[in-house]
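Read through the structure below, which is laid out as structure tokens, and then see the notes.
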Amino acid sequence: MVKKMSIEITKVKYFLELREVAELAEKIWHECFIGILSHGQIDYMVEKFQSLEAMTKQIEEQDYTYFAVRDDGELCGYIGVKPESDNRFFLSKLYLRQDKRGRGIASLMLKKVFEEARLSGKNSVYLTVNKHNDHAVDVYKATGFEIVDTAVTDIGGGYVMDDFIMEYTF
Ligand SMILES: CC(C)(COP(=O)(O)OP(=O)(O)OC[C@H]1O[C@@H](n2cnc3c(N)ncnc32)[C@H](O)[C@@H]1OP(=O)(O)O)[C@@H](O)C(=O)NCCC(=O)NCCS
């Protein structure tokens, strides 16, 4: 029997839910970046960008919003976004647990991102994605994003991010 999905994507408003997102982020990052980044770099990036402390700071000081993705009430993914001061909306994080992939949830997540961008009065969404993250690049291309630039960013700790910058203008 195929179980029907019941997907909800809601803004994270409470500390306890953000803590749940941080726990999920740690799991997803360690499963999806193996083979792309070293263990050391994954640990470093999770702590720097996705720990409870880091995400609290992003929300309080950098205008980030996180959304929780739940299937039948169970947290299985999350989205992080931020409006820029120009016409662009930054898709900072789009993460779905491995067992939930390939089922149309990512497209619902991206739809939500575009809705939020429009609500913020923006006409473009951009993101950075690791050059070797082939599946994510394919998903973004299938959605209509184009590679507009590349960026090598020093994130400290002796690590760099080697990314494509992709953008979708509507
Ligand atoms: C990126 C991520 C959220 C995408 O979720 P997913 O469930 O794997 O995505 P899907 O396989 O459902 O693909 C999404 C859409 O892209 C399409 N797509 C995917 N690969 C494609 C390809 N090679 N060619 C054409 N279309 C493709 C799918 O058909 C689907 O469209 P549909 O919903 O209309 O059928 C998920 O893989 C993930 O969390 N990965 C790990 C974290 C990550 O890398 N995040 C991005 C960091 S920038």
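Where a number appears in this text, it was derived from the coordinates with a stated rule and is not lab data. Small disclaimer: the values here were computed from a predicted structure and weren't measured. Here Cβ is always computed from backbone atoms with ideal geometry, including for glycine, and neighbour counts include all displayed protein chains.
Could you tell me the distance between the Cα centroids of segment 1-50 and segment 69-85, to the nearest Å?
Between the Cα centres of segment 1-50 and segment 69-85 lies a distance of 10 Å.
Within segment 102-126, what residues put their amide N at less than 16 Å from the label point 7 Å along the Cα-to-Cβ vector of Arg70?
Under cut-off, by backbone N: nothing.
Could you tell me the largest-minus-smallest coordinate of the C-alpha atoms of the chain on each of the three principal axes, in descending order and whole angstroms?
46, 36, 34
Tell me, rounded to the nearest percent, the portion of alpha carbon pairs in segment 1-41 spaced more than 12 Å apart.
Above the 12 Å cut-off, segment 1-41 has 71 percent of its Cα pairs.
Given Cβ point charges of +1 (Lys, Arg) and -1 (Asp, Glu) and nothing else, what value in debye, to the nearest 20, does the dipole of segment 66-170 about its Cα centre take?
Here the size comes out at about 360 debye.
Students often get this wrong: which residues of segment 49-70 have the backbone nitrogen under 17 Å from the point 7 angstrom along Cα-to-C-beta of Ile34?
Label zone hits: none.
Using only DSSP helix segments of four residues or longer, with each worth -39500 (n - 2.57), what per-residue ellipticity at 222 nm results for the chain after dividing by its residue count and rounding to 500?
For the chain, the value works out to -11000 deg cm²/dmol.
Among DSSP beta bridges lying fully in segment 7-169, give the percent that are antiparallel, nearest 5.
The antiparallel proportion sits near 90 percent.
Can you give the relative contact order of segment 49-170 as a percent, counting alpha carbon pairs under 8 Å and 6+ residues apart?
Reported relative contact order: 18 percent.
Rank Ser120, Phe15, Gln62 by how far each Cα sits towards the positive end of the charge dipole of the chain (+1 on Lys, Arg Cβ; -1 on Asp, Glu Cβ) and give me just the farthest.
It is Ser120, whose Cα lies furthest towards the positive end.
Applying 1/(1 + (r/R0)^6) with R0 = 41 Å to the Cβ-Cβ distance of Leu16 and Asp162, what FRET efficiency is obtained, to the nearest 0.05?
0.70
What distance in nm lies between label points placed 7 Å from Cα along the C-beta direction at Glu84 and Asn130?
That separation, rounded to one decimal, is 2.3 nm.
Taking θ as phi - 60°, what are the ³J(HN,Hα) couplings along segment 6-16 by the Karplus curve (6.51, -1.76, 1.60), each to the nearest whole Hz, with x for Gly and Pro?
10, 8, 10, 10, 10, 5, 7, 10, 10, 3, 5
What list of ³J(HN,Hα) couplings, whole Hz, do you get for segment 47-56 from phi and the Karplus terms 6.51, -1.76, 1.60, once you set θ to phi - 60° and write x for glycine and proline?
So the J values, rounded to whole Hz, are 5, 6, 10, 10, 6, 4, 4, 5, 6, 4.
Taking the Cα-to-Cβ direction at Ile147 and at Thr169 and moving 7 Å from each Cα, how far apart do the two end points lie in nm?
Using points 7 Å along Cα→Cβ, the separation is 1.9 nm.
Note down the nm distance, to one decimal, between modelled labels 7 Å out along Cα→Cβ at Glu23 and at Asn123.
4.4
Quick check on my link table: of Lys13/Lys112; Lys57/Lys100; Lys48/Lys82; Lys48/Lys122; Lys11/Lys131, which ones sit more than 23 Å apart, alpha carbon to alpha carbon?
Over 23 Å apart, Cα to Cα: Lys57/Lys100; Lys48/Lys122; Lys11/Lys131.
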